[in-house]
1. Condition first: β-branched (Val, Ile, Thr), without any contact (Cβ under 8 Å) to a residue 60 or more places away in the chain and over 18 Å from Gly235 (Cα atoms). Now tell me which residues in region 306-350 satisfy that.
2. If I filter region 192-209 for residues that are closer than 24 Å to Phe76 by Cβ and not small (Gly, Ala, Ser), do I get at least one hit?
3. I'd like the full set of residues that are modelled with pLDDT of 90 or more and either within 16 Å of Thr2 (Cα to Cα) or under 19 Å from the mean Cα position of the chain (by Cα) (or both), limited to region 24-39.
4. Tell me which residues, restricted to region 129-158, are over 16 Å from the mean Cα position of the chain (by Cα) and either among the small types (Gly, Ala, Ser) or not in a helix (DSSP H, G or I) (or both).
5. Give the number of residues within region 313-337 that are in contact with a helix residue (DSSP H, G or I) (Cβ under 8 Å, 6 or more places away or on another chain), part of a helix (DSSP H, G or I) and surrounded by fewer than 18 Cβ atoms within 10 Å (Cβ to Cβ).
6. Does Asn125 meet the test of being more than 17 Å from the chain's Cα centre (by Cα), outside any strand (DSSP E or B), without any contact (Cβ under 8 Å) to a residue 40 or more places away in the chain and over 18 Å from Gly33 (Cβ atoms)?
7. Do we find a residue being touching a strand residue (DSSP E or B) at 6+ places or on another chain (Cβ under 8 Å), without any contact (Cβ under 8 Å) to a residue 60 or more places away in the chain and within 30 Å of Met119 (Cβ to Cβ) anywhere in region 38-55?
8. I'd like to know if region 247-262 contains one or more residues that are small (Gly, Ala, Ser) and more than 30 Å from Ala325 (Cα to Cα).
Amino acid sequence: MTSLTEYLKIAVEKRASDIFIVAGGQMSIKDDGKIIPIDEERLLPPRTKELITEIYALAERSMDIYQQKGDDDFSFAVPGLARFRVNTYHQRGSMAAVIRVVSFHIPDWQEFNIAPQVMDLADMNSGMILMTGTAGSGKSTTQACIIDRINRTRNCHIVTLEDPIEFLHSNQKSIVSQREIAVDTEDYLSGLRACLRQAPDVILLGEMRDAETIRTTLTAAETGHLVIATLHTKGAVNAIDRIIDSFPGEQQAQIRTMLSMVLRTVVSQQMLPDKEEGMVPAFEIMHVNSAIRNMIRDNKNHQISNAIAAGGREGMTTMDQSIAALYQKGMITEQTALEYADNAEMLKRML
């Protein structure tokens, strides 16, 4: 019978993002967004209990919280293999778990087809960069590559606040402090407030979840730090709307002004299936120039999309322009291009 450690090795070798242990199904991994069985054995409740007990033994952790609350969240490392973030839970009366693989190796940005103009954001010294996209759109990989470039090229203190930590950075030219929410600090807001007293030059914020965290993030960017923050929205305009709409009406004018002053770039990302049964990223890139700054401040966000489309000389690109470029390079099919487009009719004319 295959041991848990052997399953973990298979997942790391196949560069899977997650491992699923759920009674009734087979042991499975998520690879390139697809769930794939890695064993013919159908897991029964006694077997899932055995595997999950093995997880707790590897993590040297008590099962008390899991047994009392019905779910638990923790991480552990297997030396020489990888680090793993685990969520154990009960479903239909049996034990289940999803294990996230946290690689010891930072991905190669060229191998992942990350746009060079996105990697150039590592050269910024202050202000806010927003990374946006839905879950599974590759934001964490792109951020890890940007942080890795800063770490290798600049002498500074990088503080990351993540939930969970997905890539481990070892100190190169910089010092990297990685803090995991609920493990190293209570929540994003507490971690961010503490971070401002830790002499950071670069702050990576895994998610802006509420108005108070957003306000503190804007203040951090205003005081000369480079802040790379994440929002789970699609598109630059939606990201700006989401930030402003997080505040009561009477505060929105002030937030629009703050945001217009500190925001430098918004990168919106999504993953598209390529012709080789892998995935390839498409990027919308918006750099804040004086025209866009005025649009944000004057509540004319509906005009921003046109400014992005016209901003090619400044390194801007719309999502549909990025998708068209992938199609023209022969990386995706026309069907995929039209399926993932913001405006399929316009893209069809472009193609």
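1. Within region 306-350, just Thr333 meets the criteria.
2. Residues of region 192-209 that are closer than 24 Å to Phe76 by Cβ, as a first pass: 204, 206-207.
Still in the list and also not small (Gly, Ala, Ser): 204, 207.
Among the residues of region 192-209, at least one is closer than 24 Å to Phe76 by Cβ and not small (Gly, Ala, Ser), which makes the answer yes.
3. Applying the first criterion (modelled with pLDDT of 90 or more) to region 24-39 yields 24-30, 35-39.
Gly25, Gln26, Met27, Ser28, Ile29, Lys30, Pro37, Ile38, Asp39 - these are the residues of region 24-39 that are modelled with pLDDT of 90 or more and either within 16 Å of Thr2 (Cα to Cα) or under 19 Å from the mean Cα position of the chain (by Cα) (or both).
4. Result: Arg154, Asn155, Cys156, His157, Ile158.
5. 1
6. Considered against the rule, which asks whether it is more than 17 Å from the chain's Cα centre (by Cα), outside any strand (DSSP E or B), without any contact (Cβ under 8 Å) to a residue 40 or more places away in the chain and over 18 Å from Gly33 (Cβ atoms), Asn125 comes out as no.
7. no
8. There is at least one residue in region 247-262 that is small (Gly, Ala, Ser) and more than 30 Å from Ala325 (Cα to Cα).
The values are calculated or read from the model by the stated rules, or taken from the named source; none is laboratory data. These figures come from a predicted structure and were not determined experimentally. Quick reminder, even Gly has a Cβ in these numbers, built from the backbone with ideal geometry, and neighbours come from all protein chains shown.
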